[in-house]
Amino acid sequence: MRLYYFKNAEDLARQIAGALGLDAKLVEERDFPDGEVLVRVEPAREAILLARLYPDVNKNLVKLFLALDALSDYGADRVVLVAPYLPYARQDRRFRDGEPISVKFLLSHLRQYPVSHLIAVDLHKPYIGDYVAGLRVVNVYPAEKYAAAVRRWSVDVVLSPDAGSLHRAAALAELLGVPYNYFEKFRDRETGEIYMKPRGDVSLQGKSVVLVDDILATGGTLVDACKNAKLLGASAVYAVVSHCQLLGNAREKIKGCVNALYCTNTIPCEYSSLDVSEDLAKSISAIL
Ligand code: R5P
């Protein structure tokens with residue numbers, strides 16, 4: 001089995017290929033002045049295809065589908081796709097009439113090709129994996145890595161900024177042996193202001209808190225939770241986020257509140273200290 005990778009995933013490809021003793025082959029890419037793209041792959045019957053789809057998600061998705069199409073035309077009958085960050089996953093349902101379920105669209109189009117498995121880190125919602133019959137989705141959640149990163153801070157409680165990330169808080173809290181919960185939002189009836197507090201009135205006074213979420217985009221969600229934790233007396237607030245996009249002025253917002261932030265290298269940035277290549281290699285090895 002050969003590992004194909006796009007140039008922007010070279011760091012992960014080297015680690016994964018080294019761990020599994022695979023031959024790594026670069027997918028050739030061309031970007032034309034008019035915005036069109038082209039790729040070129042060496043034919044193979046079986047392949048692992050590693051695609052880092054963020055940033056430039058739309059362009060990278062077209063390149064991914066072109067690579068799958070070429071592999072398929074040349075007779076590939078099995079492709080294990082590794083997309084460390086799966087984009088379009090936040091549109092995992094119809095929020096308004098007339099909208100698509102974008103992630104279902106994406107997965108069902110992967111299924112048009114001989115993609116047997118999709119391996120991704122921390123899917124926005126674990127149930128996304130069941131959307132398309134015949135496509136086996138492996139959701140890698142590197143909780144051990146997260147626990148190792150924050151253990152030094154003598155964590156008292158793990159909190160998610162909303163109910164949607166509670167399963168992440170639960171996984172980390174179990175490894176740390178501490179309680180977990182999520183923030184609920186309330187509106188002050190007199191001032192109209194929104195405030196947050198942990199469900200079940202968990203006291204944060206003097207506590208060392210870890211916040212967990214899947215994505216840090218503008219930083220608004222995480223920083224709101226952080227500010228509220230500090231207002232409620234938290235002595236320190238650390239954060240673990242799988243995919244760090246750092247949009248707009250997210251950097252300044254984070255620096256103004258969070259004591260330390262740990263992210264994975266699914267999206268490389270100054271906070272992506274947690275390398276998921278070993279976790280991805282293990283998942284690949286388990287299905288080969
Ligand atoms: C939302 O459902 C996600 O889990 C994240 O909480 C969200 O994408 C974070 O976005 P932002 O950083 O812009 O608040």
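For residues that are assigned to a helix (DSSP H, G or I) and among the β-branched types (Val, Ile, Thr), scanning just the stretch 122-162, find the one that is farthest from Ser277 (Cα to Cα).
Ile128
For residues that are within 9 Å of the ligand (Cβ to nearest atom) and assigned to a loop (DSSP other than H, G, I, E, B), scanning just the stretch 209-245, find the one that is surrounded by the fewest Cβ atoms within 10 Å (Cβ to Cβ).
Filtering first and then ranking leaves Thr218.
Tell me which of these Gly177 doesn't satisfy, since it passes every other one: (1) crowded, with 20+ Cβ neighbours inside 10 Å; (2) out of contact with any Leu (no Cβ under 7 Å at 6 or more places or on another chain); (3) not acidic (Asp, Glu).
Condition not satisfied by Gly177: (1).
Assuming Cys263 fulfils every condition listed in (1) outside any helix (DSSP H, G or I); (2) under 30 Å from Tyr5 (Cα atoms); (3) more than 14 Å from the ligand (Cβ to nearest atom) apart from one, which condition is it?
(3)
Yes or no: Ile119 part of a helix (DSSP H, G or I) and at pLDDT 95 or above?
Working: part of a helix (DSSP H, G or I): no; at pLDDT 95 or above: yes.
No; evaluated as a whole, the condition is false for this residue.
What are the residues in the stretch 179-198 that are β-branched (Val, Ile, Thr) and at pLDDT below 90, if any?
The first filter runs over the stretch 179-198 and keeps only residues β-branched (Val, Ile, Thr), leaving 191, 194.
Listed by number, the list holds a single entry, Ile194.
When the stretch 141-165 is examined, which residues are found to be within 15 Å of the ligand (Cβ to nearest atom) and either farther than 26 Å from Gly220 by Cα or buried (at least 20 other Cβ atoms within 10 Å of the Cβ) (or both)?
Taking the stretch 141-165 and keeping what is within 15 Å of the ligand (Cβ to nearest atom), we get 141, 159-165.
The answer is Leu159, Ser160, Pro161, Ser165.
Please tell me if Asp92 is more than 18 Å from Leu50 (Cβ to Cβ), of a type in the set (Asp, Glu), crowded, with 17+ Cβ neighbours inside 10 Å and within 16 Å of the ligand (Cβ to nearest atom).
On the way: more than 18 Å from Leu50 (Cβ to Cβ): yes; of a type in the set (Asp, Glu): yes; crowded, with 17+ Cβ neighbours inside 10 Å: yes; within 16 Å of the ligand (Cβ to nearest atom): yes.
So Asp92 passes the test.
Going through Lys63, Lys104, Lys59, Lys125 one at a time, which residue ends up being over 25 Å from Glu36 (Cβ atoms) and more than 15 Å from the ligand (Cβ to nearest atom)? Spell out how you get there, then give the answer.
Working: Lys63 fails: over 25 Å from Glu36 (Cβ atoms); Lys59 fails: over 25 Å from Glu36 (Cβ atoms); Lys125 fails: more than 15 Å from the ligand (Cβ to nearest atom).
Testing whether each residue is over 25 Å from Glu36 (Cβ atoms) and more than 15 Å from the ligand (Cβ to nearest atom) leaves just Lys104.
When you scan the stretch 129-140, do you find a residue that is buried (at least 16 other Cβ atoms within 10 Å of the Cβ) and over 30 Å from Tyr180 (Cβ atoms), even just one? Don't jump to the end; show me each part of the working.
Step one: of the stretch 129-140, the residues buried (at least 16 other Cβ atoms within 10 Å of the Cβ) are 129, 131-132, 135, 137-140.
So of that shortlist, the ones also over 30 Å from Tyr180 (Cβ atoms) come out as 132, 135.
The answer is yes; a qualifying residue exists.
Does Ala148 count as without any contact (Cβ under 8 Å) to a residue 40 or more places away in the chain and either in contact with a Ser or Thr (Cβ under 8 Å, 6 or more places away or on another chain) or of a type in the set (Gly, Ala, Ser) (or both)?
So Ala148 fits the description; yes.
Please pick out the residue among Asp122, Asp162, Asp130 that is among the acidic types (Asp, Glu) and free of Cβ contacts under 8 Å to residues at least 12 places away in the same chain.
Values: Asp122 fails: free of Cβ contacts under 8 Å to residues at least 12 places away in the same chain; Asp162 fails: free of Cβ contacts under 8 Å to residues at least 12 places away in the same chain.
The unique qualifying residue is Asp130.
If a residue must be part of a helix (DSSP H, G or I) and within 16 Å of the ligand (Cβ to nearest atom), how many such residues does the stretch 166-201 contain?
Our first condition is that a residue be part of a helix (DSSP H, G or I); within the stretch 166-201, this holds for 166-176, 199-201.
If we keep only those that are within 16 Å of the ligand (Cβ to nearest atom) as well, we get 166-172.
Residues flagged as part of a helix (DSSP H, G or I) and within 16 Å of the ligand (Cβ to nearest atom) within the stretch 166-201 amount to 7.
Can you say whether Arg151 is charged (D, E, K, R), within 24 Å of Ala286 (Cβ to Cβ) and within 22 Å of the chain's Cα centre (by Cα), as far as the supplied structure shows? Spell out how you get there, then give the answer.
On the way: charged (D, E, K, R): yes; within 24 Å of Ala286 (Cβ to Cβ): no; within 22 Å of the chain's Cα centre (by Cα): yes.
For Arg151, the condition - charged (D, E, K, R), within 24 Å of Ala286 (Cβ to Cβ) and within 22 Å of the chain's Cα centre (by Cα) - is not met.
Six or more apart or on different chains, Cβ under 8 Å: which pairs go from a residue in the stretch 62-86 that's assigned to a strand (DSSP E or B) to one that's charged (D, E, K, R)? Could you list them?
That search, which allows pairs on different chains as well, returns Arg78/Arg45; Arg78/Glu46; Val79/Glu46.
The values are calculated or read from the model by the stated rules, or taken from the named source; none is laboratory data. Values in this document were obtained by computation on a predicted structure and should not be read as measured data. Neighbour counts run over all protein chains shown; Cβ positions are idealised from the backbone, glycine included.
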